[in-house]
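The structure appears below as structure tokens.
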Amino acid sequence: MSEPLWQPSQARVAAANLTAFIDHVNKSHGTALTGYDDLYAWSVSEIEDFWCAVWDFCGVVADDTRGPVLIDGDKMPGAAFFPKAKVNFAENLLRRRPGDPGDADDAMVFWGEDKVKRRLSHRDLYDQVSRVAQALAAEGVGAGDRVAGFLPNMPETVIAMLAATSLGAVWSSCSPDFGVQGVLDRFGQIEPKVLFCADGYYYNGKALDSRPRVAAFTAQMPSLQKVVVVPYLDAAPDVGVIEGAVGLADFVAPFEAGEIAFARQPFNAPLYIMFSSGTTGKPKCIVHGIGGTLLQHLKEHRLLCDVKADDRVFYFTTCGWMMWNWLVSALACEATLLLYDGSPFAPDGNILFDFAETEKATLFGTSAKYIDALGKAGLDPQSNHSFPALRLITSTGSPLVPEGFDYVYAHIKKDVCLSSIAGGTDIVSCFLGGNPIGPVWRGEIQRRCLGMAVEVFDDTGRPVRGEKGELVCVKPFPCMPIGFWDDPDGARYRAAYFETYPNIWHHGDFVELTEHDGIIVYGRSDATLNPGGVRIGTAEIYRQVEKLDAVEESIVIGQDWQGDVRVVLFVKLRPGHALDDDLTSRIKTQIRSGATPRHVPAKVIPVADIPRTKSGKIVELAVRDIVHDRKVKNQEALANPEALELYRGLAELRS
């Protein structure tokens with residue numbers, strides 16, 4: 001395209017936090033930066049000055065002595081930011097205290113499908129965190145102890161996390177649709193002292209009781225001293241079926257709300273334990289630090305997403321996806337969290353847009369797959385909704401195809417910044433993201449994120465532009481994990497990110513840096529296809545296939561075949577369609593004309609379902625393993641593990 005899809009107005013640029021930040025940097029450092037590209041170049045060349053500027057501009061609450069910014073900056077891993085600073089995560093998120101201006105304003109608004117609607121003020125939030133923190137302290141919870149949540153995306157989840165982290169404890173969560181073994185594979189490794197769970201949750205209009213599964217997995221977790229049950233389906237649920245359980249009201253009953261004694265911890269002390277998808281074995285337990293997570297999220301919210309005090313921030317996520325951790329940090333901007341739990345299509349496909357309209361969302365975050373599904377369903381939210389407050393739409397989880405960009409501007413809102421973002425659980429944040437003062441180009445992530453020295457390496461380890469290659473980060477950044485759980489010598493941590501290119505972070509995404517200085521993501525490196533030795537990103541094929549109305553979704557793998565690799569495409573068709581010779585031909589023609597002949601699959605096979613993780617990501621590697629008759633080690637990580645059997649022993653793949 002010769003023109004961008006969207007350009008910010010002069011008024012929007014002038015009012016942006018990023019513009020104010022550039023002015024702050026120029027005044028503080030005697031620079032003459034004039035836009036994002038200038039600022040980005042400065043941020044990755046003057047790393048220490050940049051992160052100090054973020055700290056000051058965003059008003060990080062910490063001990064008076066910040067100390068050195070970076071030690072061992074030439075080591076990855078090994079670099080440490082602000083090693084002398086002490087900070088408390090919850091203290092930075094609970095900036096509005098009872099009695100402060102705006103303390104009666106919404107801190108959180110919650111919809112549980114169309115069943116439950118609640119709101120909490122900043123005063124309510126602070127007071128509830130105070131009581132839960134006191135109750136946890138009475139259980140002996142302190143710095144470094146683990147507190148876990150098996151919870152829906154509801155206010156009590158945020159409250160429990162803030163209470164735990166106010167004490168310096170470490171928080172970890174997963175969504176309540178996990179099975180018993182999936183929970184044990186995660187929480188069983190980290191040995192939490194206290195577990196918060198709900199009595200159940202709603203999905204697609206159905207009430208689902210969590211208590212039997214909680215009883216089953218807590219019986220196998222000897223580290224637990226207490227299980228706290230949050231009422232959701234029932235105002236007073238029976239907790240007796242779970243050994244050692246107590247209702248939330250009884251847990252906090254002895255304690256009155258008061259000032260929270262925030263325990264400030266070293267900048268690089270642990271905050272969160274997050275888990276890899278676990279589809280190739282037991283999930284890795286990734287430990288993230290307090291200060292790095294806070295500073296990175298402040299940067300992304302304030303500067304790259306332009307979140308301001310009293311903005312209303314929505315992200316469709318569960319507590320098993322890193323976007324929940326990202327979302328809740330918007331409290332540090334004094335924004336309102338819009339929390340939704342349940343099916344995004346309950347009951348008629350409009351509920352997320354009903355929520356965004358009713359609650360005047362300023363940021364609407366979702367997954368690329370959701371945007372794809374809206375387009376396939378023919379929904380046109382702008383025809384029956386109005387979003388005058390909405391300034392930013394973000395998309396992540398998988399690459400947003402160019403047609404997804406078209407859909408947003410044609411059917412949701414024309415005057416909006418659409419920021420496709422990419423990063424991951426590994427850094428609990430983004431390498432690639434938005435630029436609220438710059439243009440949006442069709443099919444491209446706007447920019448490399450500030451402070452992240454991202455390059456694209458070819459097969460020889462040479463930086464390239466306009467070519468596909470590996471996403472790497474060549475300089476340290478504060479939100480690198482502080483390590484993996486139970487990895488005392490750091491061997492597994494180094495192997496995960498630093499083995500391919502010594503002293504350089506290798507992220508595992510197959511990407512291209514464009515002429516606009518944007519980024520196109522073609523999929524995961526380990527899922528790329530290699531027919532004839534040529535690397536092909538899976539997203540390149542999905543984009544073409546899913547243009548066809550008959551195809552609801554697809555998944556593509558490389559099958560080892562006669563000493564080479566052949567491309568095999570599985571398609572889930574929309575109701576009323578069948579994979580006959582005509583449709584197969586149209587699929588192949590679309591791929592050939594829209595990509596290259598090398599992208600055309602050798603086989604196109606219909607399937608009834610496509611396996612995916614709990615956070616909605618399709619699992620090419622698991623399907624590839626099934627096709628090659630290899631064991632999928634951890635099917636508990638999947639939302640629909642039964643779908644894998646659809647790919648086993650197919651006659652079509654024997655010829």
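The values are calculated or read from the model by the stated rules, or taken from the named source; none is laboratory data. Since the model is a prediction, treat every value here as computed from it, not as a measurement. Virtual Cβ from ideal backbone geometry, glycine too; neighbours counted across all protein chains shown. Heads up: the accessible areas ignore ligands, DNA and RNA and are worked out on the full protein's heavy atoms, side chains in. Shrake-Rupley method; radii C 1.70, N 1.55, O 1.52, S 1.80 Å.
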Residues located in the range 200-221, provided they are farther than 19 Å from Ala235 by Cα, open to solvent by less than 50 Å² (accessible area, probe 1.4 Å) and part of a helix (DSSP H, G or I): Ala215, Ala216, Phe217, Thr218
Checking Cys197 against (1) open to solvent by 10 Å² or more (accessible area, probe 1.4 Å); (2) under 27 Å from Asp486 (Cβ atoms), the condition it does not meet: (1)
Selection within the range 382-403 - surrounded by 22 or more Cβ atoms within 10 Å (Cβ to Cβ) and either of a type in the set (Asp, Glu) or over 19 Å from the mean Cα position of the chain (by Cα) (or both): Leu390, Arg391
For Ile610: the one exception among (1) more than 29 Å from the chain's Cα centre (by Cα); (2) outside any helix (DSSP H, G or I): (1)
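Residue by residue, here is whether (1) farther than 20 Å from Thr425 by Cβ; (2) open to solvent by less than 30 Å² (accessible area, probe 1.4 Å); (3) touching a residue at least 24 places away in the same chain (Cβ under 8 Å) holds:
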| position | (1), (2), (3) |
| --- | --- |
| Ser615 | no, no, yes |
| Glu620 | no, yes, yes |
| Lys633 | no, no, yes |
| Ala637 | no, yes, yes |
| Asn640 | yes, yes, yes |
| Ala643 | yes, yes, yes |
| Glu652 | yes, no, yes |
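A quick yes/no check of all residues on (1) more than 20 Å from Ala41 (Cα to Cα); (2) out of contact with any His (no Cβ under 9 Å at 6 or more places or on another chain); (3) open to solvent by less than 10 Å² (accessible area, probe 1.4 Å); (4) not in a loop (DSSP other than H, G, I, E, B):
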| position | (1), (2), (3), (4) |
| --- | --- |
| Leu432 | no, yes, yes, yes |
| Ile437 | no, yes, no, no |
| Gly443 | yes, yes, no, no |
| Met452 | no, yes, yes, no |
| Thr460 | yes, yes, no, no |
| Gly466 | no, yes, no, no |
| Glu470 | yes, no, no, yes |
| Asp486 | yes, yes, no, no |
| Tyr493 | yes, yes, no, yes |
Test for Lys299: is it in a helix (DSSP H, G or I), modelled with pLDDT under 95 and under 19 Å from the mean Cα position of the chain (by Cα): no
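Take the residues of the range 95-104 that are surrounded by fewer than 16 Cβ atoms within 10 Å (Cβ to Cβ) and not basic (Lys, Arg): which is modelled with the highest pLDDT?
Residues of the range 95-104 surrounded by fewer than 16 Cβ atoms within 10 Å (Cβ to Cβ): 97, 99-102, 104.
After this cut, where a residue has to be not basic (Lys, Arg) as well, the list is 99-102, 104.
On the way: Gly99: 92, Asp100: 92, Pro101: 91, Gly102: 91, Ala104: 95.
In this case the residue turns out to be Ala104.
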Conditions (1) open to solvent by less than 60 Å² (accessible area, probe 1.4 Å); (2) in contact with a Ser or Thr (Cβ under 9 Å, 6 or more places away or on another chain); (3) modelled with pLDDT under 95; number of the one not met by Phe570: (3)
Condition met for Thr366 (open to solvent by 10 Å² or more (accessible area, probe 1.4 Å) and among the β-branched types (Val, Ile, Thr)): no
Arg211 being among the basic types (Lys, Arg), in contact with a helix residue (DSSP H, G or I) (Cβ under 8 Å, 6 or more places away or on another chain) and more than 14 Å from Ala133 (Cα to Cα): no
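From the list Gln128, Gln134, which residue is closer than 13 Å to Val158 by Cβ, polar (S, T, N, Q) and either open to solvent by less than 50 Å² (accessible area, probe 1.4 Å) or touching a residue at least 12 places away in the same chain (Cβ under 8 Å) (or both)? Please lay out each step first, then the result.
Details: Gln134 fails: closer than 13 Å to Val158 by Cβ.
The conditions single out Gln128.
Tell me the residue from Ala169, Ala160 that is free of Cβ contacts under 8 Å to residues at least 60 places away in the same chain and touching a helix residue (DSSP H, G or I) at 6+ places or on another chain (Cβ under 9 Å), please. Break it down stepwise before answering.
Numbers: Ala160 fails: free of Cβ contacts under 8 Å to residues at least 60 places away in the same chain.
After applying the criteria, what remains is Ala169.
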